[in-house]
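A short write-up of the structure that comes next.
Just so it is clear, none of the values below were taken in a lab; they were calculated from the coordinates. Remember, predicted model here, so these are calculated numbers, not experimental data. When we count neighbours, we look across all protein chains shown, and the Cβ atoms used for this are built from the backbone with ideal geometry, even at glycine.
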Amino acid sequence: MSEVKVGIIGGSGFDDPDLLQEAKVRTVTTPFGNPSSFLTEGFVEGVPCVVLPRHGKEHLLPPSEINYRANIWALKELGCTHILATNACGSLQKDKKPGDFVVLNQFYDNTRNRELTFYGSGPHSLKGVLHMPMADPFCEETRQVLIKAAKNLSLTIRDKTCSSDTISNHPCVHTEGSVITINGPRFSTRCESLLFQKWGFDLINMTLVPEVSLAREAGLSYASIAIVTDFDCWKADEEHIHT
């Protein structure tokens, strides 16, 4: 079995290179342009890892301007076999409350004009067409590693057997969840949020797509931990994030 090397793509507040021991800065150029930032390579408890801040070191890149292709290619170039991503999300369901974590298992793409594949006829694409199966877009083995880690930390686990009408007073780790990815950088209107909520999606964010599908094209095992920051504006009686 080849050595596991983990790429950590940090979103808002989760991109600290101090996570690593023996940290070394790596600058990678790709056929698709530059990644969001330099990458930091090192170890976490002996496991080789690479940290990449999705929005850049100064958090200056809005979701619609991130070079997702370059980010994934750079991690592949440095030998990563797996990607663990974090995504800050708003909640569309009352049982997914602020402070909870969700190990995502499905997504809906509501983005526009993003580079969704490495392949195509453009000057900065790999030549050809790739129709990638995406029925189950996240690596199930990697998802289960995350869920097992949460259990080992004695966190409250909520799986699909738990009723959505039963809401825990403690922060929970949900073992499944769907997310709709919007283009951003603006947040949803209340009309949009109510529609997404009625469609049954659990969460909403701006950065999962096309990162997850590009990782699949690159042959990387990808899993994401969604961090619930607030209720989206469908829930009128809650305070919402405005920046």
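For the reader, a short list of remarks on this structure follows.
- Neighbour-count order for Met132, Met206, fewest beta carbons within 10 angstrom listed first: Met132, Met206
- Label point 7 Å beyond Cα of Leu195 along Cβ direction - residues of the stretch 99-120 with amide nitrogen under 20 Å: 107-114
- Backbone HN-Hα couplings from phi across the stretch 98-112 [Karplus 6.51/-1.76/1.60, Hz, Gly and Pro as x]: x, x, 7, 10, 10, 8, 4, 10, 8, 9, 10, 8, 10, 8, 9
- By the equivalent-ellipsoid construction on the alpha carbon gyration tensor, the stretch 101-243 comes out with semi-axes of 29, 22, 12 Å, ordered largest to smallest.
- Estimated vicinal HN-Hα couplings, Hz - the stretch 155-162 in sequence order (Karplus 6.51, -1.76, 1.60; Gly, Pro = x): 7, 6, 9, 10, 10, 5, 7, 7
- Debye, to nearest 20: dipole size of the stretch 6-231, +1 on Lys, Arg Cβ, -1 on Asp, Glu Cβ: 360
- For the chain, averaging the sequence separation of C-alpha pairs within contact (under 8 Å, six or more residues apart) and dividing by the residue count gives a relative contact order of 27 percent.
- Taking amide H as placed 1.01 Å from N in the peptide plane, the amide H of Ser224 sits under 5 Å from that of Ala85, Leu104, each at least 5 places away or on another chain.
- Loop trypsin sites (Lys or Arg not before Pro), the stretch 137-243, which have at most 13 other Cβ atoms in a 10 Å radius of their Cβ (DSSP): Lys160, Arg186
- All Cα-Cα distances of the stretch 1-116, cut into 10 Å bins from zero to the largest, leave 13, 41, 33, 12, 1 percent in each bin in turn.
- The length gained by stretching the chain between Asp136 and Ala149 to full extension, at 0.36 nm per residue less their Cα-Cα distance, is 2.5 nm.
- The base-10 log of I(q)/I(0) for the stretch 89-173, evaluated at q = 0.15, 0.17, 0.19 Å⁻¹, reads -0.75, -0.86, -0.98 [Debye formula, identical scatterers on Cα atoms, solvent excluded].
- Over 28 Å between alpha carbons, listed pairs Lys5/Lys148; Lys96/Lys151; Lys24/Lys97; Lys5/Lys57; Lys76/Lys127; Lys97/Lys151: Lys24/Lys97
- Under 5 Å from the amide H of Arg26 lie the amide H atoms of Leu39, Thr40, Glu41, each residue being 5 or more positions distant or on a separate chain, with H modelled from the backbone and absent for Pro and chain starts.
- Rounded to the nearest 10 degrees, the angle from helix 140-152 to the longest Cα principal axis of the chain is 60 degrees.
- The fewest-to-most ranking of Thr156, Thr166 by surrounding Cβ atoms within 10 Å reads Thr166, Thr156.
- With a cut-off of 18 Å on the backbone N, the residues of the stretch 195-218 near the modelled label site 7 Å out from Leu126 along Cα-Cβ are 210-218.
- Per-residue ellipticity at 222 nm computed for the chain from its helices equals -5000 deg cm²/dmol, with DSSP H segments shorter than 4 residues left out and the rest contributing -39,500 (n - 2.57).
- Against the main long axis of the alpha-carbon atoms of the chain, helix 68-77 sits at an angle near 50°.
- Taking amide hydrogens as placed 1.01 Å from N in the peptide plane, the amide H of Arg158 sits under 5 Å from those of Val173, His174, Thr175, each at least 5 positions away in sequence or on another chain.
- Helix 190-199 and the longest principal axis of the Cα set of the chain meet at an angle near 90°.
- Shown for Leu208, Leu19: other C-beta atoms within 10 Å of each C-beta, ranked fewest to most, produce the order Leu19, Leu208.
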